Every structure is written in C-alpha cells, then in structure tokens.
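This report refers to the structure that appears directly beneath it.
The values are calculated or read from the model by the stated rules, or taken from the named source; none is laboratory data. Just so it is clear, the model here is predicted, and its values are computed rather than measured. Backbone-built Cβ (ideal geometry, glycine too); neighbour counts: all protein chains shown. Surface accessibility is based on the protein's heavy atoms, side chains included, excluding ligands, DNA and RNA. Shrake-Rupley method; radii C 1.70, N 1.55, O 1.52, S 1.80 Å.
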Amino acid sequence: MLATRLRKHQSGVMLLEALIAILIFSLGVLGVVGMQASAIAASRDAKYRTDAALLANEIIGQMWVSDRRGTALETNFEGAGGTGGASYTTWNTDVASKLPGATANPSEIAVVPGAITPGANPGTNVFAPHQVTVRVRWMSPGDGSAHQYVVQTLITQAE
C-alpha cells in the first residue's frame, strides 16, 4: 500500500525531467547556431578586408613600376568619386567588381608630391618622396555601416 502511494506522488516526474532536458538541449543548439552565424559574418568581413588590402597594394605596386614623378602620379592615379586618371578609373572599376557597396562609397587615391631641391653636386637634384594615401571603401551586405581600409606609403622618384 505504501509503495502504491509513493508511486502516485512521483507520477509525471520523469516527463518533467525529459522536458527540462529538451529545453536545455534546445538552448545549447540555439547557442551553437548563433556562434556559427557570427563566425560566418566574421569570415566574410575578413575576406573583404583582405581583398581591400590586396587592391590597395596592387595600385601601389603599379605606381612603383610606372613613371614616379609627382605630376605623373597625380595625373595617372589620383582620383576620388570615380574621376581621375586612366589607372585610377581602371583600378576603381576593379574595386567595385570585387567589393560589395564600393560603387556607393568610392575609393580614393591622394598623392602629395615631394619637393625637388638642388643636390650638393652641380646638375643633381634631391627628390623628396611622394606621399600616397589609398583609401578603399565598401559596405558588407546586411551591414548598415561603411568599412574602409587605408594605407599610406612613400614613393620615391627616380632621376
């Protein structure tokens, strides 16, 4: 009789334990799904940042192998908002094709030519390096803020 009474008081306890276990398991699965979504977003952002760095270094490399006089750098490469030299417009088109939202946020290249001063020996000149700033902009899908990658370098002029 005592055993029957104890069983009656404990009826449904196993069902309650099973429901609690399912709840805990569901919260764990939701946490894993949230971490996965966060990891995918971080991976996507890292890819865009890497692409921006590659594009910035690509245009700087083109500057190094081209005519490195300050006026030539300004004519060929300087630009903002899709206007500028032939090398800039080609590069900006490449940026727009590889990075999302780059057309709405145009990338920029600014060249500050270095001064040319007479050297110690007659007929020689001393060329100060040209300061170049490359700013690559993009906007990730589903992200409300614009991102940018900025690199500054000095390009020396050969005589």
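Some observations on this one:
- Lone qualifier among Ala56, Ala72 - being modelled with pLDDT under 90, under 27 Å from Ala128 (Cβ atoms), among the small types (Gly, Ala, Ser) and in a helix (DSSP H, G or I): Ala72
- Close Cβ contacts (under 9 Å, 6 or more residues apart or on different chains) running from residues in the stretch 14-42 that are closer than 29 Å to Met139 by Cβ to residues that are among the hydroxyl-bearing types (Ser, Thr, Tyr) comprise Ala41/Ser140.
- Tally of residues being under 16 Å from Val151 (Cβ atoms) and either of a type in the set (A, V, I, L, M, F, W, C) or at pLDDT below 85 (or both) across the stretch 80-101: 4
- For the stretch 105-131, a residue qualifies if it is at pLDDT below 80, within 30 Å of Ile40 (Cα to Cα) and in contact with a Gly (Cβ under 7 Å, 6 or more places away or on another chain), but none of them does.
- Of all residues in the stretch 109-125, those satisfying the criterion of being within 25 Å of Gln62 (Cβ to Cβ) and open to solvent by 50 Å² or more (accessible area, probe 1.4 Å) are Val112, Pro113, Ala115, Ile116, Asn125.
- Within the stretch 81-106, the set of residues being in a loop (DSSP other than H, G, I, E, B), of a type in the set (Gly, Ala, Ser) and either over 12 Å from Met139 (Cβ atoms) or open to solvent by 40 Å² or more (accessible area, probe 1.4 Å) (or both) comprises Gly81, Gly82, Gly85, Ala104.
- The listed residue being assigned to a helix (DSSP H, G or I), under 30 Å from Val150 (Cα atoms) and within 43 Å of the chain's Cα centre (by Cα), out of Ser43, Ser26: Ser43
- Condition met for Val134 (in a strand (DSSP E or B) and modelled with pLDDT of 85 or more): yes
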